[in-house]
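Undergrad: This is the structure I want to talk about, given as C-alpha cells.
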Amino acid sequence: MAMQPPKRVGLIRKLKEPPAAPKFDIAWYGPQWKIFLKALRDEDCSYWAEIYEKAFTNNFQLDKGEYKRRQEVPEEIKNLGPAAVGHYLERLKDQLTVSRLNEARILILGDKGVGKTTLARKLIDPNANLPDENESTKGVDTTLWDFPGDELRARIWDFAGHVVTHAAHQFFLSERCLYVLVYDGRTDNPERLKYWLNHMKNHGGNSEAVLVVNLKDPHQPQLPINTLQEQYHLRKVFWLNLEKDNNKLEEVRSYIHTYVREHPTWKKTVIGDKDYAVKQELEQLFGPRGNKNGEELISKEQFERIVQKHQAPKPEQLLSMLHSLGVSFWYPDLKGYDTLILNPEWITDGLYAIINWLANKKEHCILSDNFPQAFADQFGEKAMRFPKDKHAFLYDLILQYELAYERDLVERELLFPHLLQEDQPKFLPQLDAIDSLLARFRCNSPLPTHIVSRFIVRHHRQIKNYRKQPQVWRYGVVLEGNKGNTALVRVVNWQLEISVKGPKPKELFVPIMDTLKDIFEQYKAQDSQLEYKIFENRWFDSEVIRELEATQSPLVHQADPSGKLLPLPSERFGLPSGLHVSGNMTFFQGDAQYHDASTKIETNVTFNFQECNVGLQTDLGDLITQLKEVGAELEAKELATAQQKLAEAKEIQDQEKAKIKMGKGLYRFLNKVNEEGTKLNKLVKGLNDGVSIAQDIAQQYNQIADWTGLPQVPKAFLKGEAGG
C-alpha cells in the first residue's frame, strides 16, 4: 500500500490566516529620527517628512488616493526634483477639489518650406487658407486646437525650419509632448528626417512622434520607415498631399485627436481648483481662447493680485509650477526683473528676430543699443511689442539660455557662436604630439551645432588669440589656460575631439571634460561614447581604463635619465586612470616597449584576442545555461551560434578575418537585450545575475569590436540595473 502523506490540516488552516503586520516603533531610531525629519524640512521637503511620519504612525498602511496622485505627477514637475513634487502634491491636498489641466502640447518640426504651417492651420480647420508662397514662420507660432465635444484641447507649436534658429529650439522643446514631423515628399534625403528625429529625441526624451510625408508631386520618396520606427518613438506615418488630400488629412486629425484624448499624460494631469482659476484668468488676460489680442506680459505684482483674488496659496510655488507646465514663463534667476510672460511667442519672436537679423547681415555680434533696429527691421510697426524697457530682460535671457556671450572689450555686446563662420582658422596649434592629452566624444549621429556653441559660451574667457584674432569658429575653439596650457576642442565628422597640451595639462583638461560631460548629458539622442587615446592609434573608453586600473595593470611608464623604466604618477594628469599619451611616453600593457621621441616610435602593443575570446565564451555559456533553465530555448540557441563562431575564430590573428568570422549576430543579440521592454530585456532581468552577466558580455564584446572594427553596443549597457 502506498504511503499516505502526513496530515497537515492544522498547519494549512494556520497558513490561511494572514500573518499579523509587524509593529514599527519610531523609538528604535532614537534621536536620528528627528534629525532626519529636520533635514527633510531644511531641504524644503516638508511634504515628504509628513509622509514618513504618517507611514510610521499608520504602521505603513498607504493612503491609496494619495499614492495614486504621486504616481500621476507630471514629468515636468518630477524633473524639478523632490521639493517641487512635494509642493505640487501639497497644493492638490490643500485645495480639496481638482480640475483636469486639459491642455496637450503638439510640436511641429521640419525643414523650411515642407508644409508645417499648412498642417498647423489645417489641423484646426481643414478649410483654412493656405499660407502665402513667401510666408514663413520666423520663430514659433502657437495656436489652440479645441476638440469638438471634448473638454481637452491642444496647443500647437509651429517651429521655424531655418537652420539658424535651431539652437534656440532647445529651450522650448520638452518631454510630455506629441511631436509631428513634416517631411518634403519631393526629396530622397532620409538624413534630414533623422536630423529632426534626433532633434526631437535630444529634448523630448521618450516623447512620441507622428510623421507626415507631404507629397507635393506623384513622386514618393524611399524612406527606411521600419528602421526609423525601431530606432525612435515613431508611432504613425501618413503619406498625403496636405493641400489636396482632405480625406487623408481627416485621418491625421482623427488620429492625433484620439492619441491626445486617450494618452494618460493628459488624461490624468490635474491641478487644484484655485490654481486652475488663476490659470484661466491669465489666459483671459492674454486673449480669450488664445486669440492673442490681450496682454503678453504682466508684472509679478499683477500676478499676486490675481492669486489673492482666487485665494490660491503660495504665489512663488504657483509661478514655478505654471512655468514648468508651459502655461506661463517666469525667470526668478534673472535678478532685477519682475516680468511674467503669458505668451511664449513673445520670447521666441524676440530671440529669433535678433538671430535672423544678424544672420541676414551675415554678422554674429549685436550691441544692446541695436535691439530697436533689429525689431524694427523684423516686425515693422509691430516692433512696439518689444518696448525698450524690456530689452535688458531679453538680453539677459539670451545669456541665461547660453545662446551668446558678452564680449569683454565692448560694453553690452553679444556674440552668438552658432553664427560664426563654418570654416576653421588657417593656423591651429598642433596638439596631438608630445605631452598632449587626447579624448573624444564619439556619437552615432551628427552633432547639433549648439553643443559646441554652449561649450564656447561657458569657456569664452579662455579663447586664445592668434595675431590678434580669436581662434573660434562655429564648430570649434582654441583655449588658453594658466601656465602655458593650450586646448583645441572641435567637431570632426560625428566626433567632438579634445586635445590639451602644456606643462600641467590636467588643469585645463579636467574642467573642459566636466563641461562637455554636463552638456552631453542634456542631449538624449547623442548616445555619446567617451574615449581616450592612450596608444599611437588606439582609443579606449573610460570603462576599460577603470577596469585596467582596478586590476592594477602596469598602465604607464616613463624613463629616467639612466633609461630605467619607472611608473608615471597618475596625479600629474588628474584623469580617472592616470591617462596620458605622447610621442615619448606610451602606455605599457603586455609586451609594449618604450621608445624615446628622438627614435622611431614602434609601439608593440597587442590586443590579446584569444584571452578575451575565451572569457567571452565562458560568460556566454553561463547565460545560455540560465536561459535554458527558464525555457528560452530559441534565445539560448541564438547565443550558442555566436559562441560557436567565437570558438572558430579563436586562433585567427588577422583582425579582418576575425571580423568576418564573428559577423554581427552577437551585436544584434546584445542590442535586443539592452532595449527596454523587449522580451530578451525582460528575460535577462529576470535571471539570477542575468544583468551582471550581460554587462560582462557587452564589455568583452566591445573590446573585441574595437579590435576588429565591428559596431559597438552602448557603453551604458543595461544602465541602472544591478548597480550598473
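The values are calculated or read from the model by the stated rules, or taken from the named source; none is laboratory data. All values reported here derive from a predicted model rather than from experimental measurement. Backbone-built Cβ (ideal geometry, glycine too); neighbour counts: all protein chains shown.
Undergrad: I want to confirm something. Restricting to the stretch 28-44 and keeping residues that are modelled with pLDDT under 85 and in a loop (DSSP other than H, G, I, E, B), which single residue is surrounded by the fewest Cβ atoms within 10 Å (Cβ to Cβ)?
TA: Taking the candidates together, the pick is P31.
Undergrad: For the stretch 375-420, how many residues meet the condition of being among the acidic types (D, E) and under 17 Å from H459 (Cβ atoms)?
TA: 3
Undergrad: I would also like to ask the following. Looking only at the stretch 448-473, how many residues end up being buried (at least 16 other Cβ atoms within 10 Å of the Cβ), out of contact with any Pro (no Cβ under 7 Å at 6 or more places or on another chain), without any contact (Cβ under 8 Å) to a residue 60 or more places away in the chain and assigned to a loop (DSSP other than H, G, I, E, B)?
TA: The number of residues fulfilling the criteria is 2.
Undergrad: How about the stretch 45-104: which helices (runs of 4 or more DSSP H) wholly inside it have at least 1 residues that are out of contact with any His (no Cβ under 8 Å at 6 or more places or on another chain) and farther than 30 Å from Y29 by Cα?
TA: Of the helices (runs of 4 or more DSSP H) lying wholly inside the stretch 45-104, those with at least 1 residues that are out of contact with any His (no Cβ under 8 Å at 6 or more places or on another chain) and farther than 30 Å from Y29 by Cα span 75-78, 82-94.
Undergrad: Considering only residues that are touching a strand residue (DSSP E or B) at 6+ places or on another chain (Cβ under 7 Å) and of a type in the set (V, I, T), which ones fall in the stretch 188-236?
TA: Those that are touching a strand residue (DSSP E or B) at 6+ places or on another chain (Cβ under 7 Å) and of a type in the set (V, I, T): V210, V212, V213, I225.
Okay, residues lined up against (1) basic (K, R); (2) touching a Ser or Thr at 6+ places or on another chain (Cβ under 8 Å); (3) over 30 Å from A353 (Cβ atoms):
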| residue | (1), (2), (3) |
| --- | --- |
| N202 | no, no, no |
| N206 | no, no, yes |
| L211 | no, no, yes |
| Y255 | no, no, yes |
| R261 | yes, no, yes |
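Undergrad: Restricting attention to the stretch 337-383, and to residues there that are of a type in the set (K, R) and in a helix (DSSP H, G or I), which single residue is nearest to the chain's Cα centre (by Cα)?
TA: K361
Undergrad: Out of all the residues in the stretch 352-386, which are of a type in the set (A, V, I, L, M, F, W, C) and farther than 21 Å from E295 by Cα?
TA: I354, I355, W357, L358, A359, C365, I366, L367, F371, A374
Undergrad: In the set K659, K672, which member is out of contact with any Lys or Arg (no Cβ under 9 Å at 6 or more places or on another chain), surrounded by 13 or more Cβ atoms within 10 Å (Cβ to Cβ) and among the charged types (D, E, K, R)?
TA: Just a single option satisfies the conditions, and that option is K659.
Undergrad: Which of the residues belonging to the stretch 438-489 are of a type in the set (D, E, K, R) and in contact with a Ser or Thr (Cβ under 8 Å, 6 or more places away or on another chain)?
TA: Answer for the stretch 438-489, where residues must be of a type in the set (D, E, K, R) and in contact with a Ser or Thr (Cβ under 8 Å, 6 or more places away or on another chain): R442, R458, K464, R474, E480.
Undergrad: For the stretch 610-628, which residues satisfy the criterion of being aliphatic (A, V, I, L, M) and at pLDDT below 80?
TA: V614, the sole residue that qualifies.
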